Amino acid sequence: MELAKLVEKNREAMVRTLRGAVRIKSVQEEALPGKPFGQGPARCLAYMLEEAEKMGFRTCNVDNYMGWCEYGEGPEMVAVLGHLDVVPEGDGWTRDPYGGETDGTNVYGRGTMDDKGPTTAALYALKALKDSGVPLKRRIRILFGTNEETGSRDMQHYLEQGGEIPVCGFTPDGEYPVINGEKGIINVTFEREYDQTGPLFLEGIKGGSAFNVVPALASAILRCEPAEGIRLLEKYGEKDPKVRWEVIPEGLKVTAQGVQAHAASPEKGENAIGRLLAALAPLPFDPALHQTLAFLGEKIGLEVHGESLGICLEDPESGKLSLNIGVIQGDAGKMTLKINYRYPVTKSYGDCAPKLDAQFADAGFQKVSEAHKKALYVDPRTDYIQTLLQVYGELTEFAPKTICIGGGTYAKSIPNIVAFGPIFPGDTVREHLPNEYWEIDKMVLNARIYAEALYRLAK
Ligand SMILES: [Zn+2]
């Protein structure tokens with residue numbers, strides 16, 4: 001096929017473009033005038049737009065939030081959504097994370113796989129289409145985001161500025177085959193104040209570090225008379241082998257062990273906070289605090305699907321709702337909880353959030369903040385999904401099928417986009433890790449897939 005040859009012809013140029021992009025450290029920094037995400041992301045955007053211009057594409061820089069290049073004519077537009085910002089390099093590198101090194105087989109450095117490499121592949125896919133001269137009915141636009149890793153304010157700005165919405169398209173910032181469903185994600189913070197006067201006193205409670213991580217450790221300090229501490233230890237200390245009860249000078253220390261996991265699949269872990277709350281639930285605290293702990297211990301505890309809260313939604317496309325208490329932080333008078341829950345792709349916020357909120361309100365909690373990202377779902381029979389699957393099936397040895405995930409990809413940031421690549425089944429995931437690199441052959445294969453897909457979507 002002609003397109004494949006045209007992509008292959010530019011193998012060296014593709015590597016050169018990617019190496020240049022990797023050499024620009026594009027981690028979000030403090031905003032500068034006209035540079036909302038700092039120097040690095042703006043420089044990398046300017047670089048990619050210049051590369052696109054050299055290929056003869058129209059380009060546009062949208063206030064250094066993002067930019068795009070475009071080819072073709074027609075009233076409708078097909079888009080590829082990539083991003084040029086990266087996460088910080090972190091520790092453990094044996095190569096320069098911003099050296100753009102290559103040994104002829106791989107390109108090394110932060111962003112090679114996520115997402116400078118795949119974005120470069122998309123750019124060269126568009127170049128192959130242009131070089132081929134095939135007639136197209138739709139324009140093709142490559143969107144270069146610069147804030148995917150830290151909030152997607154890039155695409156928010158694009159939409160606010162009246163940026164054109166594609167009729168269809170994909171983001172090479174997920175995995176193959178086609179991710180046609182992503183659960184809705186809600187991060188909610190609740191707070192509860194209470195008075196304590198009784199003989200058993202909660203001094204402090206803590207566990208977890210982020211909404212989206214199942215915590216592996218949680219602990220509470222209880223103040224009480226030594227005799228009462230021993231009595232509680234004897235009564236409750238043996239119930240759960242993963243909860244340790246220790247007599248300490250001020251009373252008792254209760255520590256729960258869990259197993260860390262990503263909140264998108266909490267069933268793969270064990271929530272230490274839930275375990276701790278279940279252990280504390282029966283203790284004779286003052287009524288207000290007792291009610292709070294009993295509610296949390298009994299309605300959540302170690303459950304990961306919101307069963308006892310009555311919000312265990314489920315659909316055949318994406319399975320059950322998942323729920324994770326990510327963080328607990330409390331002292332003698334106030335407790336804060338950070339909860340991450342994800343509802344199935346065919347359900348909505350209204351199917352679960354009001355129910356959960358009402359029960360927390362009944363238990364004396366106040367909702368202090370909430371962030372919601374709607375579910376994404378495109379029927380797998382939709383034409384453009386079928387087109388992507390066909391191309392993938394023809395150009396790889398893998399089975400073309402759609403998948404639904406619990407995580408959220410960049411696809412959610414603008415309408416009519418699904419995640420398509422760049423990671424093939426069985427590939428090692430190196431994004432966000434030390435020594436990130438990408439195989440040049442994989443980049444070229446991605447460019448071939450994208451060229452063919454864009455051709456069929458735009459012809
Ligand atoms: Zn990414």
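Inter-part distance, the stretch 358-389 to the stretch 246-266, computed on C-alpha centroids, equals 30 Å. Apolar share of the accessible surface for the chain: 50 percent from carbon plus sulfur atoms, 1.4 Å probe. Surface listing: ASP173, ASP383, ASP441 arranged by accessible area from highest to lowest gives ASP383, ASP441, ASP173, probe 1.4 Å.
Per residue, the convex hull spanned by the Cα atoms of the stretch 184-373 amounts to 98 cubic angstrom. Put a plus charge on the Cβ of each Lys and Arg, a minus charge on the Cβ of each Asp and Glu, and nothing anywhere else: the dipole of the chain about its Cα centre is then about 760 debye. Derived from the Cα gyration tensor, the three semi-axes of the equivalent ellipsoid of the chain are 49, 22, 19 Å, largest first. Legend: calculated FRET efficiency, ALA46 to ARG231, from the Cβ-Cβ distance at R0 = 56 Å, rounded to 0.05, equals 0.20. Using R0 = 35 Å, the C-beta based FRET efficiency linking ASP379 and ASP357 works out to 0.70. The mean sequence distance of close C-alpha pairs (under 8 Å, at least 6 residues apart), as a share of the length of the stretch 237-344, puts its relative contact order at 19 percent. Neighbours of LEU289, meaning other residues whose beta-carbon lies under 11 angstrom from its beta-carbon, give a summed charge of -1 when Lys and Arg score +1 and Asp and Glu score -1. Rolling a 1.4 Å probe over the protein chains gives LEU84 an accessible area of about 0 Å². A protection proxy built from the mean count of other Cβ atoms within 10 Å ranks the segments 339-349, 93-103, most packed first, as 339-349, 93-103.
The residues of the chain expose, per residue, 41 Å² of accessible area to a 1.4 Å probe.
Each label point was placed 7 Å from the Cα along the Cα-to-Cβ direction; for LYS242 and GLU30 their separation is 4.3 nm. Straight-line cross-link reach from LYS9 at under 21 Å between alpha-carbon atoms covers these lysines, not counting any fewer than eight positions away in the same chain: LYS54, LYS116, LYS127, LYS130, LYS442. Listed by chain and number, the aspartates and glutamates placed with their C-alpha closer than 16 angstrom to that of LYS25 are ASP85, GLU89, ASP91, ASP96, GLU101, ASP114, ASP115, GLU148, GLU149, GLU431, GLU436; residues fewer than eight positions away on the same chain are left out. Less than 5 angstrom separates the built amide H of GLU101 from those of TYR108, all sequence-distant by 5 or more or on a different chain. Once both labels are positioned 7 Å from their Cα atoms along Cα-to-Cβ, the gap between HIS432 and GLU394 label points is 3.5 nm.
Estimated at 0.36 nm per residue, the fully extended path between HIS372 and ILE165 surpasses their Cα-Cα distance by 72.4 nm.
Taking label positions 7 Å along the Cα-Cβ direction at both GLU250 and ASP91, the computed distance is 3.0 nm, reported to one decimal.
The values are calculated or read from the model by the stated rules, or taken from the named source; none is laboratory data. Owing to the predicted nature of the structure, the values given are computational and were not obtained by experimental measurement. No Cβ is skipped: glycine too gets one built from the backbone with ideal geometry, and neighbour counts run over all protein chains shown. We work out accessible area using only protein heavy atoms, side chains counted, and drop any ligands, DNA or RNA first. Shrake-Rupley method; radii C 1.70, N 1.55, O 1.52, S 1.80 Å.
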